[in-house]
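Trainee: Structure below; questions to follow.
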Amino acid sequence: MAIHREGITTETHDWTMIKASSLIKDQKVITIDGSLPVEEACNLLIENNITSAPVYESKVKEVSETTIVHPRSYVGMFDYGDVIAYILLVLQNMPPPGDDEAQESMNFEIKDIIRRAVEGREVPVRLASDLSQKNPFYSILPEATLLSAVEEFAYGIHRVCVLNPDGSIKGILSQSNVARYLYTNQRSFSDIERVMNKTLRQLGLGVSDVIAVNADSPVLDALSLMSKYGVSSVAVIGHMGMVLGNISMTDVKFVMRSYKHQLLWKTCFQFVSLVRTQQGVEDGQDRIPVFDVRLDTTLGFTVAKLLATKSHRVWVVDEREKAIGVVSLTDVMRAIAANSGIEIKPLQKGKDIEKQ
């Protein structure tokens, strides 16, 4: 008789019942004090090589000259999407004086951010947390199953916080964590192996609108497109629609380092070249752009490429190397959830957390 152990795959193990928390053992969780300035919060992401972190506020109450600090209250997540939204607000989204309609359309937090920026004051990250409105704070309990997490991810949520009974964060489970686990252990799960062996064409993936920017456009245009369409990456397109590169949300760290805001006005092609060079200096490896697949590529190979490039999406090209679509980790989660019998509703345009 096979022994059933959570977190250890066996031929008799049903992956859908694995505890999601088993994938985040011994994880160091970086959290951000909500009073930190946006720039310092961004530096925390850079220094710890992470793309997102929970933002907290400690509830403090004074009683008879004694200060009592209550447990942390998590007010949101802060990621590079919020950094981009912040940059765009400061640089180009400030309504002109006298534009009452534009002023009325802004909520209190955005007004406060703009006011502080105009006055040259530091903006606390709690105001900018989830400024992009694409990365809210989601949490699950330790006993939640992996299938329940996949179902959440299928609707565009990129990561969920696993909470301890006392409300503290045990760890953060991401789409990438789950994709890597299922891909690595697919031979132990026959249903996962079957879906991994299907092609993108068979799964109905890979043909969609490509959100792209011309190679000679300024980087600011790429950031604006990501913010406008709620995506975390745009393709850099050259002659005849060929994909020359990719600009993602995490690339904004190269702008924030040493406050090199002038990079925003370089061309997208120049910026992609700079990023590749900088990445090569940091990890000692030459970077070869590997970011495209075909419709007849299997889902498994697509996932392997996503994991290898540490990306959230990969471009789909035709026989002429022209971009015809994109496959994201959200698409992968949707395919796996649907393969497991979960009825997945279509993502609503304009309301989904990531439209790719």
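Trainee: What is the number of the single condition among (1) in the same structural domain as GLY325 (by the TED database); (2) in a helix (DSSP H, G or I); (3) more than 15 Å from the chain's Cα centre (by Cα); (4) of a type in the set (A, V, I, L, M, F, W, C) that MET226 does not meet?
Mentor: All conditions are met except number (3).
Trainee: Still on this structure: Just give me the residues in segment 184-202 being among the hydroxyl-bearing types (Ser, Thr, Tyr) and loosely packed, with under 14 Cβ neighbours inside 10 Å, in sequence order. If you could, list the steps in order and put the result at the bottom.
Mentor: In the first step, residues of segment 184-202 are kept if they are among the hydroxyl-bearing types (Ser, Thr, Tyr); the result is 184, 188, 190, 199.
Answer for segment 184-202, where residues must be among the hydroxyl-bearing types (Ser, Thr, Tyr) and loosely packed, with under 14 Cβ neighbours inside 10 Å: THR184, SER190.
Trainee: Go through (1) assigned by the TED database to the domain that holds PRO136; (2) in contact with a helix residue (DSSP H, G or I) (Cβ under 9 Å, 6 or more places away or on another chain); (3) surrounded by fewer than 21 Cβ atoms within 10 Å (Cβ to Cβ) and name the single condition ASN164 misses.
Mentor: With respect to (1) assigned by the TED database to the domain that holds PRO136; (2) in contact with a helix residue (DSSP H, G or I) (Cβ under 9 Å, 6 or more places away or on another chain); (3) surrounded by fewer than 21 Cβ atoms within 10 Å (Cβ to Cβ), ASN164 is out only on (2).
Trainee: Looking at (1) within 20 Å of ALA235 (Cβ to Cβ); (2) at pLDDT below 85, can you tell me which one GLY284 breaks?
Mentor: (1)
Trainee: Give ARG121, ARG126 a once-over and let me know the one that is modelled with pLDDT of 70 or more, open to solvent by 60 Å² or more (accessible area, probe 1.4 Å), of a type in the set (Lys, Arg) and not in a helix (DSSP H, G or I).
Mentor: One residue alone meets the criteria, ARG121.
Yes/no per residue for (1) outside any helix (DSSP H, G or I); (2) open to solvent by 40 Å² or more (accessible area, probe 1.4 Å); (3) in contact (Cβ under 8 Å) with a residue 12 or more places away in the chain; (4) of a type in the set (Val, Ile, Thr):
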position: GLU143; (1), (2), (3), (4): yes, yes, yes, no
position: GLU151; (1), (2), (3), (4): no, yes, yes, no
position: ILE172; (1), (2), (3), (4): yes, no, yes, yes
position: ASN177; (1), (2), (3), (4): no, yes, yes, no
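Trainee: Need pairs with beta-carbon distance below 8 Å; first residue under 14 Å from SER129 (Cα atoms) and within segment 39-51, second open to solvent by 50 Å² or more (accessible area, probe 1.4 Å); sequence gap 6+ or separate chains.
Mentor: GLU39/GLU122; GLU39/TYR259; LEU45/THR51
The values are calculated or read from the model by the stated rules, or taken from the named source; none is laboratory data. These figures come from a predicted structure and were not determined experimentally. Cβ coordinates were reconstructed from backbone atoms using ideal geometry, including for glycine residues, and neighbour counts include every protein chain displayed. Remember, those area values only see protein heavy atoms, side chains included, never the ligands or the DNA or RNA. Shrake-Rupley method; radii C 1.70, N 1.55, O 1.52, S 1.80 Å.
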